[in-house]
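Input: a single structure, listed below in structure tokens.
The values are calculated or read from the model by the stated rules, or taken from the named source; none is laboratory data. As the structure is a computational prediction, the values presented were derived from the model and not from experiment. Every residue, glycine as well, gets a Cβ built from its backbone with ideal geometry; the counts of neighbours run over all protein chains shown.
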């Protein structure tokens with residue numbers, strides 16, 4: 001059975017949208033999307049963003065129940081007129097769920113950082 005990265009790659013290929021256009025819409029680089037194709041599990045928010053760009057629903061194809069339930073909201077940051085708040089969710093005592101929660105939060109944080117860099121420095 002194909003892993004999540006392969007499923008994502010196949011859906012993008014079938015959509016007819018070029019990788020160049022996709023990475024431009026997502027604000028990532030080509031190497032990043034190719035690394036995602038090799039990953040066995042993907043962050044729900046990333047898959048959702050790709051699905052929106054290529055007009056594809058991955059709900060039935062990708063099973064990400066833990067990640068789909070965990071939404072990351074960055075901590076409150078006051079910089080000019082931007083304010084963000086913290087949203088904490090309780091995670092069961094299951095260490096796997098706790099690790100998945102941290103992974104999802106970390107990935108979301110990296111993506112938010114990437115978006116900030118794009119806003120400050122612009123695309124390459």
Query raised in the report: Residues in segment 30-49 that are within 11 Å of residue 6 (Cα to Cα), touching a residue at least 24 places away in the same chain (Cβ under 8 Å) and in a helix (DSSP H, G or I): how many?
Result: 3
Report summary line: Exception for residue 52 within (1) at pLDDT below 90; (2) assigned to a helix (DSSP H, G or I) falls at (1)
Report summary line: For segment 96-107, pairs from a residue that is within 12 Å of residue 43 (Cβ to Cβ) to a residue that is assigned to a helix (DSSP H, G or I), with Cβ under 6 Å and 6 or more apart or across chains, are 100/66; 104/67
